[in-house]
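The block underneath contains the structure these notes are about, expressed in structure tokens.
The values are calculated or read from the model by the stated rules, or taken from the named source; none is laboratory data. Small disclaimer: the values here were computed from a predicted structure and weren't measured. For neighbour counting, all protein chains shown are included, and Cβ atoms are generated from backbone atoms with ideal geometry for every residue, glycine included. Remember, those area values only see protein heavy atoms, side chains included, never the ligands or the DNA or RNA. Shrake-Rupley method; radii C 1.70, N 1.55, O 1.52, S 1.80 Å.
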Amino acid sequence: MKSVTVLTPTYNRAYKLINCYDSLLNQTCSDFEWIIVDDGSTDNTEELVSKWIDDNRLDIHYIKKENGGKHTALNIGFKLADSKYLIILDSDDKLTENAIEIIISTWKKHQYNNSLGVIVFLRGYTTGEIVGSKFVCPNIAMSRFKQKQVGDKAETIRTDVINRYRFPVIRGERFLAEGIMWNRIAKDYQYLYSNETIYECEYLEDGLSRSVKRLSITNPRGAMLLNNEKMVLPYSSVTILKSVVLYGTYGLFAGESTISIIKGSNRKILSAFELPLSWLLYKCWGRMYA
């Protein structure tokens with residue numbers, strides 16, 4: 001068993017996957033496996049990865065599946081991981097050269113804290129800037145809902161924990177925001193935050209990060225589920241009210257009636273009062289993203 005699984009879901013990113021490979025070759029610690037789950041690529045991803053496997057410079061496991069969305073690829077990778085800890089590395093990003101070493105040493109300090117499920121590190125741009133901001137209360141195990149987080153971060157998770165969770169799969173939809181899983185884990189486990197940067201990224205024009213809103217509109221039932229669950233989590237009142245509005249908005253994109261939206265809501269009274277705002281947002285986004 002390795003200490004760390006690096007899990008990379010990919011779709012038609014052979015031209016960028018080389019960056020992941022190079023960053024893993026340059027790690028100061030080799031105690032990791034790399035699982036690549038190919039979500040039905042039609043480019044030369046399979047040939048490229050096959051060559052790397054033949055070169056035998058890294059412990060690589062490659063699985064190709066029918067296209068179903070990043071979250072379905074992650075579900076497969078979680079099941080296959082044979083390690084203590086796991087990090088998701090997107091196919092257009094890379095790890096800093098000491099990332100694996102930092103992950104292992106940080107987790108080792110907290111290995112006897114069974115209530116700790118996730119340690120979150122910083123992401124940086126390739127320019128060296130931090131994505132978002134540093135954590136205000138680092139190195140303290142706490143509820144995810146109490147730590148202010150600005151910008152995308154690099155989550156590492158105990159593999160035995162991730163194996164208790166899976167992304168829900170909604171028929172006919174190929175996108176689901178990762179926050180739904182992190183929220184579910186946070187109900188059962190504490191998070192710890194580190195101000196060390198272990199992940200370097202760039203946001204591509206065709207990447208998920210730049211198109212989350214459009215993808216949520218075209219996959220609205222997953223977005224409904226995410227926001228419906230957020231309504232009853234210990235977020236701020238502002239976040240809860242926003243989630244109620246978004247739940248109704250995505251419900252309208254899903255073709256649900258106002259009655260079914262209210263009946264299915266975890267905050268029925270609020271949903272009823274805020275449906276006019278949901279309707280206005282639905283009309284606005286319909287014009288912007290149609």
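For this structure, a couple of remarks:
- With the whole protein complex present, residue 215 retains an accessible surface near 40 Å², based on a 1.4 Å probe.
- Multiplying the residue separation of residue 65 and residue 29 by 0.36 nm and removing their Cα-Cα distance gives an extension gain of 10.0 nm.
- Cα gyration tensor category, rounded, prolate or oblate, for the range 84-224 with a/c compared to 1.5: oblate
- The range 30-139 - charge dipole about Cα centre, Lys and Arg +1 at Cβ, Asp and Glu -1, debye rounded to 20: 660
- Greater than 23 Å apart at Cα, pairs in 16/84; 84/134; 230/263; 70/94; 79/230: 16/84; 84/134; 79/230
- The apolar share of the surface of the chain, taken as the fraction of accessible area on carbon and sulfur atoms (1.4 Å probe, ligands and nucleic acids excluded), comes to 51 percent.
- Between the range 50-71 and the range 258-290, the Cα center-to-center distance that results, in Å: 41
- Remark: the chain carries a charge dipole of roughly 1620 debye about the Cα centre, counting +1 on each Lys and Arg Cβ and -1 on each Asp and Glu Cβ.
- Between the residues 215, 199, 139, the greatest Cα displacement towards the positive end of the dipole of the range 123-231, with unit charges on the Cβ of Lys, Arg, Asp and Glu, is found for 215.
- Whether the range 149-290 is rounded, prolate or oblate, judged on the alpha carbon gyration tensor where a/c under 1.5 counts as rounded: prolate
- Computed [θ] at 222 nm, deg cm²/dmol, the chain (DSSP H ≥ 4; -39,500 (n - 2.57); rounded to nearest 500): -12500 deg cm²/dmol
- The local environment of residue 30, defined by Cβ-Cβ distances under 13 Å, has a net charge of -3 under the rule Lys, Arg +1 and Asp, Glu -1.
- The residues of the chain present an accessible area of 49 Å² per residue when probed at 1.4 Å with all protein chains retained.
- Within the chain, antiparallel bridges make up roughly 30 percent of the DSSP beta bridges whose residues both belong there.
- Kirkwood estimate for the chain, i.e. one over the average of 1/r between Cα atoms, Å: 20.1
- Cα gyration tensor category, rounded, prolate or oblate, for the range 32-91 with a/c compared to 1.5: oblate
- The local environment of residue 266, defined by Cβ-Cβ distances under 12 Å, has a net charge of +3 under the rule Lys, Arg +1 and Asp, Glu -1.
- Applying 1/(1 + (r/R0)^6) with R0 = 25 Å to the Cβ-Cβ distance of residue 53 and residue 166 gives a FRET efficiency near 0.40.
- The length gained by stretching the chain between residue 113 and residue 178 to full extension, at 0.36 nm per residue less their Cα-Cα distance, is 20.9 nm.
- Distance between modelled label sites at residue 136 and residue 15, nm, 7 Å Cα→Cβ extension: 4.2
- Net charge contributed by nearby residues that have their C-beta within less than 11 Å of residue 234 (K/R +1, D/E -1): +4
- Think of the chain as having a plus end and a minus end, set by charges on the Cβ of Lys, Arg, Asp and Glu; of 14, 261, 189, 261 sits farthest toward the positive end of this dipole.
- Charge dipole (the chain, unit charges on Cβ, about Cα centre) - positive-most of 226, 125, 114: 226
- Contour excess over end-to-end distance, with Cα ends at residue 1 and residue 80 and 0.36 nm allotted per residue: 27.3 nm
- Relative contact order %, the range 1-159, counting alpha carbon pairs below 8 Å whose residues are six or more apart: 29
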